[in-house]
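Enquirer: Mind having a look at this structure? Questions to follow.
Derivation of every value follows stated rules applied to the coordinates shown; laboratory data play no part. What you see is a predicted model; the values in this text were computed from it and never measured. In this analysis, Cβ positions are derived from the backbone assuming ideal geometry, glycine residues included, and neighbour counts consider all displayed protein chains.
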Amino acid sequence: MKKIATMGAILTIAFMGGADALQYTNGRSAFKLNASGSAGFIEPDFESPLFLGDFDIHAQYNYAVAAGQTLGLVYSWDADDLDGREYVHDAFALWEIRDIGRIEVGLTDSVAHKLGVGIPDVGGLRMNHKPLFYKKIAPHGTVIPGTSVDSGHDAPRINIVSAPTNVGQYGLSVAAFGDEYDYAVDGGVKFRFPNGKLKSALSLGASFIDNPHNFSTASYLPDVTADWRAQGSVGFNIQYNSWIWGTSALVIYDEKPVDVASDGVSVGSGVSYDVLNYSVSLSYIYSKTGIWHNDFEKYYVHTGIASVRYKYSENLSWWASVGITSETPFLSTALKLAF
């Protein structure tokens, strides 16, 4: 406990955040900057603490060309991109027509990814997509990191997505001319039921990637080379007062993979509860790879995490998590600054 207290006392906070964005408006032009950053530590096997940090930046410029119509430019970057030696996550132009939808052109995630519904988690370990703890705890073999469709963000892409309504939202995306596959087609739909005390949402996503070659899904996973990759996802959550329960699943199939099998299934579920300035959650994800191919070794990973978060203000919060993954128990905590 002395070690934990000592590390907590010397936490440094990365500059950045997401609650009160920096904004500038001049006539028809508007600029907004959101950013967040956290810094703390993780202790695999409850032994030597290791530094653990995260950040994200999101900047957007909009120009109102007519009533209900907007042209815009978006740029974002985060810690996961830095791990992969990249300096851009999103870099795209958009055209949005209110009550109809928007078109995005450039480098960004697919519609299936953006419309996905993840599992509740109040910690800062990115349970739903490219979990942060795998930077410090190497999995025993391949593992699918999360339950959302991932077709990358490095190839030029066109996203077409409808405006959100009380019923739902849907979209389609196409990516091509990248270095990691010939083309990718993604589709997604999200149904919302926001009325009454019991609120819920359901998402469905699908993706087809032709000829992935050295396709990287995460910096700590082996690259994928196959004839083609197909993905399907489903996510569902229910909110009642301060309670949120959610579950989601991802299925991946690679046709004739080379060297290593990175396809399989990932299933997760979780529950969270808010009381005053505190939030608590309990989350679980199961991943199994190689199940479609008899000539590759199969790997499975169970991950369970309990987290608590305390919100000092709109800009500053603290979180702590205890869990186990890849047969390694761990403790992690950090402060997060946002604006």
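Enquirer: Given just the C-alpha atoms of the stretch 276-339, how large is their convex hull per residue in cubic angstrom?
Expert: Numbers: hull volume 7.1 nm³, N = 64.
Spelled out: Cα convex hull of the stretch 276-339, divided by residues, is 110 Å³.
Enquirer: Where does the Debye-calculated log10 I(q)/I(0) of the stretch 2-338 sit at q = 0.10, 0.13, 0.14 Å⁻¹, using only Cα point scatterers of equal weight, no solvent?
Expert: Summing over Cα pairs of the stretch 2-338 leads to -0.63, -1.10, -1.29.
Enquirer: Please list the equivalent ellipsoid semi-axes of the stretch 158-284, computed as the square roots of five times the alpha-carbon gyration tensor eigenvalues, in descending order and whole angstrom. Show your work: numbers first, answer last.
Expert: On the way: eigenvalues 219, 75, 26 Å².
The equivalent ellipsoid of the stretch 158-284 has semi-axes of 33, 19, 11 Å.
Enquirer: Let me ask something else about it. Can you give me the relative contact order of the stretch 181-267 as a percent, contacts being Cα pairs under 8 Å and 6 or more apart? Before the final figure, lay out the partial values.
Expert: Details: 201 pairs, mean separation 21.2, N = 87.
Rounded, it is 24 percent for the stretch 181-267.
Enquirer: Could you work out the local net charge near residue 117, counting Lys and Arg as +1, Asp and Glu as -1, over the other residues with Cβ closer than 13 Å to its Cβ? Please list the in-between numbers first.
Expert: On the way: positive: 114, 190, 192, 199; negative: 121.
That works out to +3.
Enquirer: A further question follows. Of all beta bridges DSSP finds with both residues in the chain, what is the antiparallel percent, to the nearest 5? Kindly include the intermediate steps, with their values, before the conclusion.
Expert: Numbers: 165 of 165 bridges.
About 100 percent, rounded to the nearest 5.
Enquirer: Given charges of +1 on the Cβ of Lys and Arg and -1 on the Cβ of Asp and Glu, with all other atoms neutral, how large is the dipole of the stretch 202-328 about its Cα centre, in debye to the nearest 20? Don't skip to the answer; put the middle values down first.
Expert: Numbers: 6 positive and 12 negative charges, 111 e Å.
The dipole magnitude comes to about 540 debye.
Enquirer: Okay, next question. Given charges of +1 on the Cβ of Lys and Arg and -1 on the Cβ of Asp and Glu, with all other atoms neutral, how large is the dipole of the chain about its Cα centre, in debye to the nearest 20? Provide the component values of the computation, followed by the final result.
Expert: Values: 24 positive and 35 negative charges, 294 e Å.
In total the dipole reaches around 1420 debye.
Enquirer: Given all pairs of different Cα atoms, what value in angstroms does the Kirkwood hydrodynamic radius of the stretch 212-339 take?
Expert: On the way: mean 1/r = 0.0587 Å⁻¹.
Hydrodynamic radius (Kirkwood, Cα pairs) of the stretch 212-339 is 17.0 Å.
Enquirer: Moving on. Working from the alpha-carbon coordinates of the stretch 35-179, get Rg over Rh, Rh being the Kirkwood radius.
Expert: Numbers: Rg = 17.7 Å, Rh = 17.3 Å.
So for the stretch 35-179, dividing Rg by the Kirkwood Rh gives 1.02.
Enquirer: Oh, and also: Given springs between every Cα pair under 10 Å in a Gaussian network model of the chain, which of 240, 170, 181 has the largest fluctuation?
Expert: Maximum among the listed residues: 240.
Enquirer: How high is the relative contact order of the stretch 2-338, given as a whole-number percent (alpha carbon pairs under 8 Å, six or more residues apart)?
Expert: Numbers: 1004 pairs, mean separation 55.7, N = 337.
Relative contact order comes out at 17 percent.
Enquirer: Right, next: Rg/Rh for the stretch 23-100: what does it come to with C-alpha atoms and Rh from Kirkwood?
Expert: Details: Rg = 18.1 Å, Rh = 15.1 Å.
My calculation puts Rg/Rh at 1.20.
Enquirer: What are the extents of the Cα atoms of the stretch 68-153 along their three principal axes, listed from largest to smallest and rounded to whole Å?
Expert: 50, 28, 22
Enquirer: Of the listed pairs 136/190; 130/336; 136/336; 114/298; 32/199; 135/199, which have alpha-carbon separations greater than 26 Å here?
Expert: Violating the 26 Å Cα-Cα cut-off are 136/190; 114/298; 32/199; 135/199.
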